[in-house]
Amino acid sequence: MRAALLREYHTRLELVDHPTPEITRPDEVLVRVGGAGVCATDLHAIEGLMEPAGVTLPRVLGHENAGWVEAAGELVTTVAAGDPVILYPPYSCGLCVPCRRGDDIHCVNHDFTGLSLDGGFADYVLVRERSVIKLPDALAPAEVAPHADAGLTAYHAVRRMAHLMKPGTTAVVIGIGGVGHIAVQLARELGSSRVVAVDTEGDRLALARELGADEAIPGGDGAPAAVRELTDGRGADVVFDFVGTDQTHAASTEMLARAGTFSVIGYGGNLPLTSMELVVDEKAVVANLVGSWTDLYELIQLHAAGRVTLKVETHPLDAINDVLDKLRDGGIIGRAVLVPG
């Protein structure tokens, strides 16, 4: 099969003839890839930053995968050959205490498709049945593949804050990119806050308005004051930071209301909060890592019902390096999806 292989850090991916994965366990599923989303995490992997997540080289990247079941092991019962599926990227054993509590993202036997295991920048990808979600018939794999991580991450973060997003509150979404544009819609669907989108790019702010944001304001030094003005000086009750730089962390905390909650999704910066600030204003900081299998299942149901959409652009697999360059330069609005064949 064809695959885009990362042989060495800080190099371009190589399109190679790679062995097609073979089923060796009765609970495994071989999937013909119909679409694989391209994520900033792939850039981090290329830069050598994802070894703490289990990356070793050589590795086939690609963790936002959907396609069709090509073959299934003899114990697989939930899908059959030909079924359209989306793949939950973490592996989970189902037997450890976190898994039995439904907290499969923290499985003690954790692996991750496209990072610690070969992923979907290829014609085929092999997973276990616990990673598979059958798609409703109306959904095409290439149209929903980014939900496997971008949508999943957004859903997990927003769902955890939904109980705080009551009528009369304000929720701010910083960064209307591949994850943030989904979060805007989920804030509207799962909560009752006024939703304010923040981004430095005008076309992304326009997308946020199109997707249901009540307000869209330019990012940068003036964003905290603009949020304060929109809220009569009180600030935002919930702030979601999907960018994760020193600048966006600082802006998030500056615009946060007393008793507000700062939800950190993007990473890379340092939080400018003291314990005194947290205690005196009773603020909270919550960090988010991907999400659960159930989160992904529920998100797919919302998409199938037409309540959430994805902004995607598709490219052939052999354009992978051009797509990565475009992502690195900030040229993708929404999510890019690779389509093998």
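The values are calculated or read from the model by the stated rules, or taken from the named source; none is laboratory data. In this text, all values refer to a predicted model and were calculated from it rather than measured experimentally. So basically every Cβ, Gly included, is an ideal-geometry build from the backbone, and we count neighbours across all protein chains shown.
Within the range 95-137, the only residue that satisfies the criterion of being at pLDDT below 95 and small (Gly, Ala, Ser) is Gly102.
Taken over the range 163-187, the criterion of being touching a Ser or Thr at 6+ places or on another chain (Cβ under 9 Å) and surrounded by fewer than 24 Cβ atoms within 10 Å (Cβ to Cβ) is satisfied by Leu164, Met165, Lys166, Pro167, Gly168, Thr169, Thr170.
Listed by position, the strands (runs of 3 or more DSSP E) enclosed by the range 1-112 that each have at least 1 residues that are closer than 24 Å to Gln301 by Cα are 28-38, 64-72, 84-87. Checking the structure you have, find out if any residue of the range 288-298 is in contact with a strand residue (DSSP E or B) (Cβ under 8 Å, 6 or more places away or on another chain), polar (S, T, N, Q), surrounded by 14 or more Cβ atoms within 10 Å (Cβ to Cβ) and part of a helix (DSSP H, G or I). No; the residues of the range 288-298 include none that is in contact with a strand residue (DSSP E or B) (Cβ under 8 Å, 6 or more places away or on another chain), polar (S, T, N, Q), surrounded by 14 or more Cβ atoms within 10 Å (Cβ to Cβ) and part of a helix (DSSP H, G or I). Of all residues in the range 180-221, those satisfying the criterion of being within 27 Å of Glu298 (Cα to Cα) and among the hydroxyl-bearing types (Ser, Thr, Tyr) are Ser192, Ser193. Checked against the criterion of being among the charged types (D, E, K, R), closer than 16 Å to Gly119 by Cα and crowded, with 19+ Cβ neighbours inside 10 Å, the candidates Glu51, Glu22, Glu70, Glu14 yield just one match: Glu70. Here the range 255-267 is the region considered, the condition is being assigned to a loop (DSSP other than H, G, I, E, B) and farther than 18 Å from Arg188 by Cβ, and the residue that is farthest from the chain's Cα centre (by Cα) is Met255.
Once the range 242-268 is narrowed to residues that are among the small types (Gly, Ala, Ser) and under 26 Å from His147 (Cβ atoms), the residue that is modelled with the lowest pLDDT is Gly268. Candidates are the residues of the range 239-254 that are in a helix (DSSP H, G or I) and not small (Gly, Ala, Ser); the one that is farthest from Tyr267 (Cα to Cα) is Glu254.
Against the test of being part of a strand (DSSP E or B) and surrounded by fewer than 23 Cβ atoms within 10 Å (Cβ to Cβ), the options Glu229, Glu313, Glu277 yield a single qualifying residue, Glu313. Restrict the check to the range 55-76 and report whether at least one residue is without any contact (Cβ under 8 Å) to a residue 40 or more places away in the chain and more than 25 Å from Asp318 (Cα to Cα). Checked the range 55-76: no residue is without any contact (Cβ under 8 Å) to a residue 40 or more places away in the chain and more than 25 Å from Asp318 (Cα to Cα). Scanning the range 257-274 for residues that are touching a residue at least 24 places away in the same chain (Cβ under 8 Å) and in contact with a Phe, Trp or Tyr (Cβ under 9 Å, 6 or more places away or on another chain) turns up Phe262, Ser263, Val264, Ile265, Gly266.
Filtered by the rule that a residue be farther than 12 Å from Ala36 by Cβ and touching a residue at least 40 places away in the same chain (Cβ under 8 Å), the range 313-334 gives Asp318, Asn321, Leu324, Leu327, Arg328, Gly330, Ile332, Ile333, Gly334. Cβ-Cβ distances below 8 Å connect the following pairs, each with a first residue in the range 87-102 that is of a type in the set (Phe, Trp, Tyr), a second residue that is assigned to a loop (DSSP other than H, G, I, E, B) and surrounded by 11 or more Cβ atoms within 10 Å (Cβ to Cβ), and a separation of six or more residues or different chains: Tyr91/Cys107; Tyr91/Asn109; Tyr91/His110. In summary, Gly34 fulfils each of the numbered conditions (1) free of Cβ contacts under 8 Å to residues at least 60 places away in the same chain; (2) within 20 Å of Leu338 (Cα to Cα); (3) out of contact with any Leu (no Cβ under 9 Å at 6 or more places or on another chain) with the single exception of condition (1).
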